[in-house]
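Working notes, structure below.
Please treat every number below as a calculation from the coordinates, not as lab data. A quick note: this is a predicted structure, and the numbers were derived from the prediction, not measured. FYI the Cβ positions are ideal-geometry reconstructions off the backbone, even for glycines, and counts take in every protein chain you see.
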Amino acid sequence: MSVPSQRPAGRKVLFMATCLCDAFFDNAARAAVEVLEHAGCEVIFPEDQTCCGQPAFNSGNWPACRKVMRHAAEVFNGDLPVVTPSGSCAAMLFHGAGIAFEGEPDREVIGQLAGRAWELADFLVNGLGVPSWPGRFPARVAFHQACHTRGTASGPAALRLLGMVEGVEVTPFGEGDQCCGFGGTFSVGFPHVSTSMGQLKLDHVRKATPDFLVSGDMSCLLHLGGLAGKEPGGAVPTLHLAEVLQKALRDDG
Amino acid sequence: MAEQQIDQFTRRLDGKVRRAVRENSAAGTAKRAEILAADYGDPTPLRRLAGEIRQHAIENLDVHLAKAEDSLKRNGAEVHYAVTAGDACRVVSDILSRAGARKVVKSKSMVTEEIELNGHLEAEGIESVETDLGEYIVQIDGDHPSHIVKPIIHKSREDIARSFEREGLGDYDDDPETITRRARAWLRRKYFEADAAITGANFVTADSGRLVLVTNEGNSRFCLAATRLHIALVGIEKVVSGDADLAVLLNLLARSATGQQLTVYTEFIQGPAGSGRPSGPRETHVVFVDNRRTEVLASDCREILRCIRCGACLNVCPVYRQATGHAYRGVYPGPVGAVLTPLLAGKDFPAFADLPKASSLCGACNEVCPVDIPIPDLLLRLRNRAHAERLPSPGSPPMGPFAAMASRPWLWRMALRSGRVMDVGPVQKIPVPWMRAWLNTRTLPEWRGGKFRAWMRDRRKGGDET
């Protein structure tokens, strides 16, 4: 994974909500905005934003991917940091884009966006240097690190943030570094493998008996939550990391 | 509904086999992590260095290969080149027939699997016996290896006991020690009867002309001890610039493959017996096999040629753990196979273009790779190639319409609003294949398209309360 070494980290940010939050998880996106604002940021939401282009990229349809990414580069132009509550979308910007635009004339335009992309937890901890978090949220949480944050600072940053919240107890679970089985279109192209992977993850998570399954990516939680909803074991409450931070803030009044 | 072949294979797979492969693989992953952490702390810098060593080796292959040839010849070995699998087989049978060799003992070699050497020799009336225990069992079963390092990871000891009984190696007994003793006794006879030994090589050093062979059973040593003729088949990408590189590569190979500090038998073979080398075969032949490796080198996936065949990417891969090796329909299973098999298939690429899709792109393979191959990136490039060649992709939603929508904000906003129909029960019954594939085992959350946008707009208007 190639993460840009120098990224802008000011307190005025462009917010990329992600298509999943746009369609299903408005609560996670709201939480992310409130969390950024608490950290002193002015959050700008460019209305014309759509998607980061990853679904097309992963499907191999790179012309389609480039079309979406070119739109994103227009929508998020400028010099401000682009912050997104998803390690996967952030990685699409700072890693995937470089591959999808190899040999393209506007590679540098996309590279300029890539050089400003941040995953939320990484931005809070390593961009802004947030030292502590107010409030309390008494809960045992199992933290699932999204695979697209492997080799980035996002995983450790998320755990740092969870560690800052009074009352949060992070409980480990078996084979924590294994994928949840989502993988975008992989989940529908290979439904049997994908489902088996997800069920294995859920088994491990359930054994740890957390109050919440927490992740920095709604895509993993869409999959695991969706699977749990159909299983005899029943629903597993899920929260985006930003929602944990938001709940702590609310407790703080 | 059209199904992806790997998904279909997994659905039909015996639960016992799947479980055994999964547990064995997970144990392999844990052992690897443990020994690397104990010996090196964070192995990443070393993996990166090894990656650079291998990348340098393949990017300067023209120089290294010529140098390796000179060094090998200086040491008394004969050097051959084979462009295709067929060429490689013919070179081997020519050498054997010139020497009048009818019986061959063989140590484990993936490139010989790739060129289907055993079948070729058998057709020529030459007996070729695999001496690696796992490969021997694969051979008597007429099966294929399902793992690069652990070829019979998919078999139980009961399976093996039945095979041994069938082959006349004694009555049914599934005690592992008995199985091993029986194979040992039988193979000893074969070593003495053999006229020639065929091996692969894990590395060939350009500066000193050494063949490096690693085995845990010592079978390659036995192969070379009693025969007068040694033929080593080597993929051209196995050449490294020099002995110094081995310090890094051998340390990582053993730890990544089997969780060992050093493979039990690590042999350095510098040519046939002669002055200064009193023992060993009288004749050494090295056959460098291309079999489309130069095509891979010319492609945008050349990093896969760094591979040192440790199998760590198989062990860690969540898809391999569910699907098992035979799902990949090739000599190389798992993530490395999903890249290499389609590339080595040449014009048969379309027949294997589904393999790179059998991945959630989780990146665990790259994280454990001793030579830091960016496997997910290569899988993506092959997906792009499949798309550019207009190959079908069963089960995946079309991305053209998605991109049309995601590049037109007004259309996107309209879709967000109209998505609400998804919550209406009967709509979920519409037979869109990929939708069904999701909903068979998973629910969808309530559609809340546009809600976040509305909230943001309200706040901007000054209603800053939630």
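For chain A, what's the relative contact order in percent, using C-alpha pairs closer than 8 Å and at least 6 residues apart?
Relative contact order of chain A: 21 percent.
Taking the alpha-carbon centroid of each part, what is the distance from the range B:247-319 to the range A:144-166 in angstrom?
First find each Cα centre; the distance between them is then 37 Å.
Please arrange B:Thr258, B:Thr199, A:Thr84, B:Thr294 by counting, for each residue, the other beta carbons lying within 10 Å of its beta carbon, fewest first.
B:Thr294, B:Thr258, B:Thr199, A:Thr84
So, in Å, what gap is there between the alpha-carbon centers of the range B:211-241 and the range B:84-112?
The two parts, judged by their Cα centres, are 13 Å apart.
Measure of size requested: the Rg and Dmax of the range A:132-252, with Cα atoms as the atom set and Å as the unit; please supply both.
According to the Cα coordinates of the range A:132-252, Rg and Dmax are 14.2, 45 Å.
Cysteines without a disulfide-compatible partner in chain B, using Cβ under 4.7 Å as the rule?
B:Cys89, B:Cys223, B:Cys301, B:Cys307, B:Cys310, B:Cys317, B:Cys369, each lacking another Cys Cβ under 4.7 Å.
Return a whole-number percent for the relative contact order of chain B, with Cα pairs under 8 Å and 6 or more residues apart as the contact set.
In percent, rounded to a whole number, it is 20.
Just want the ordering: B:His154, A:His148, from fewest to most Cβ atoms lying within 10 Å of their own Cβ.
B:His154, A:His148
Between the range B:1-20 and the range A:31-78, what is the C-alpha centre distance in whole Å?
One Cα centre to the other: 37 Å.
So what's the range B:403-460 giving for Rg/Rh, alpha carbon basis, Kirkwood Rh from the mean inverse pair distance?
Using Cα coordinates only, the ratio equals 1.05.
Given 20 °C and 1.002 mPa s, compute D for the range B:43-162 with the Stokes-Einstein relation, Rh being the Kirkwood radius over Cα pairs; round to the nearest whole µm²/s.
Roughly 125 µm²/s, to the nearest whole number.
Could you state, as a whole-number percent, how many of the C-alpha pairs of the range A:12-126 are farther apart than 19 Å?
That tail contains 40 percent of the Cα-Cα pairs.
Let me know the Rg and Dmax you get for the range B:303-447 when you use only its Cα atoms, in Å.
18.5, 53
For the protein assembly as shown, compute the orientation-averaged projected area of the C-alpha convex hull (one quarter of its surface), in nm².
Average of the hull's projected areas for the protein assembly as shown equals 32.1 nm².
Starting from the Kirkwood radius over alpha-carbon pairs of chain A, derive D by Stokes-Einstein at 37 °C in a medium of 0.692 mPa s and give it in µm² s⁻¹.
D, rounded to a whole number, is 179 µm²/s.
What translational diffusion coefficient, to the nearest whole µm²/s, does chain B have by Stokes-Einstein, given a Kirkwood radius computed over alpha-carbon pairs, a temperature of 4 °C and 1.567 mPa s viscosity?
53
Tell me the mean residue ellipticity at 222 nm calculated for chain B from its helices only (DSSP H runs of n ≥ 4, each -39500 (n - 2.57), averaged over every residue, nearest 500).
Calculated mean residue ellipticity at 222 nm is -15000 deg cm²/dmol.
Under 14 Å between alpha carbons, and skipping anything fewer than 8 positions from B:Lys190 in its own chain: which aspartates and glutamates qualify?
Leaving aside aspartates and glutamates fewer than 8 places away in the same chain, those within reach of B:Lys190 are B:Glu127, B:Glu130, B:Asp132.
Please state the relative contact order of the range B:34-294 as a whole percent: Cα pairs under 8 Å, 6+ residues apart?
Value for the range B:34-294: 28 percent.
For the range B:184-342, report the % of Cα-Cα distances exceeding 23 Å.
47
Just the C-alpha atoms of the range B:34-294: what Rg/Rh do they give, with Rh taken as the Kirkwood radius?
0.97
Please rank B:Tyr332, B:Tyr172, B:Tyr40, B:Tyr320, fewest neighbouring Cβ atoms within 10 Å first, as an exposure proxy.
B:Tyr172, B:Tyr40, B:Tyr332, B:Tyr320
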